[in-house]
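Undergrad: The structure's right below; bear with me while I get my questions together.
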Amino acid sequence: MLNFWMGFQVGKARRKYKVFYPMLYALESENKDAKLFNYIQRGHQNSLELKPIFFVMTVLGGIQHPLIAAGLGLLFVITRFFYFKGYSTGVPDNRLKIGYVRFCPNFSFQSCNL
């Protein structure tokens, strides 16, 4: 459901920024809003690129530990939602924020200064 929603966001951005198929990304030489569209498109593409490994790891983990795998899968989907919302803003630091929790490069949940 999350990927469908992200796909709809890309579709809305295509209409808004006038980026038509078959172009995957907007070119800055042709469209002044290319970066804004590309942030939305790239956020969705990032999630699509992670789907195969996510499904494989969830199934493999679920064989032995189904409840843990389901819980971690749900956590992954929630974090991908916030990642997409942050990525589509165009501000790189927003990609790592989930509410008031921010993931630092050293993988801690503390407040970090980049």
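Just so it is clear, none of the values below were taken in a lab; they were calculated from the coordinates. What you are looking at is a predicted structure, and each value in this text was computed from that prediction instead of being measured. In this analysis, Cβ positions are derived from the backbone assuming ideal geometry, glycine residues included, and neighbour counts consider all displayed protein chains.
Undergrad: Using θ = phi - 60° and the Karplus curve 6.51 cos²θ - 1.76 cosθ + 1.60, what whole-Hz ³J(HN,Hα) does each residue of the range 4-17 get, with Gly and Pro shown as x?
TA: Once rounded to whole Hz, the list reads 4, 4, 4, x, 5, 5, 5, x, 4, 5, 4, 5, 5, 9.
Undergrad: If you place +1 on the Cβ of every Lys and Arg, -1 on the Cβ of every Asp and Glu, and leave all else neutral, what size is the dipole of the range 1-44 about its Cα centre, to the nearest 20 Debye?
TA: Working: 8 positive and 3 negative charges, 32 e Å.
Around 160 debye, computed over the range 1-44.
Undergrad: Ok, one more. So which chymotrypsin sites (Phe, Trp or Tyr not before Pro) in the range 1-85 end up in coil per DSSP with only 16 or fewer other C-beta atoms within 10 Å? Don't skip to the answer; put the middle values down first.
TA: Numbers: sites: PHE4, TRP5, PHE8, TYR17, PHE20, TYR25, PHE37, TYR39, PHE54, PHE55, PHE76, PHE81, PHE82, TYR83, PHE84; in loops: PHE20, TYR25.
Those that pass, being in a loop and sparsely packed, are PHE20, TYR25.
Undergrad: How big is the range 2-102 along each principal axis, measuring the range of its Cα positions in Å and listing the largest first?
TA: Computed over the range 2-102, the largest-to-smallest principal extents equal 52, 32, 17 Å.
Undergrad: Once you have the Cα-Cα distance between LYS12 and VAL91, take 0.36 nm times their residue separation minus that, and quote the gain in nm to one decimal.
TA: Details: separation 79, 0.36 × 79 = 28.44 nm, distance 1.99 nm.
Value of the extension gain: 26.5 nm.
Undergrad: Could you calculate the FRET efficiency of MET1 with ARG42 from 1/(1 + (r/R0)^6), where r is the beta carbon distance between them and R0 is 25 Å, rounded to 0.05?
TA: Numbers: r = 20 Å, r/R0 = 0.82.
After rounding, the FRET efficiency stands at 0.75.
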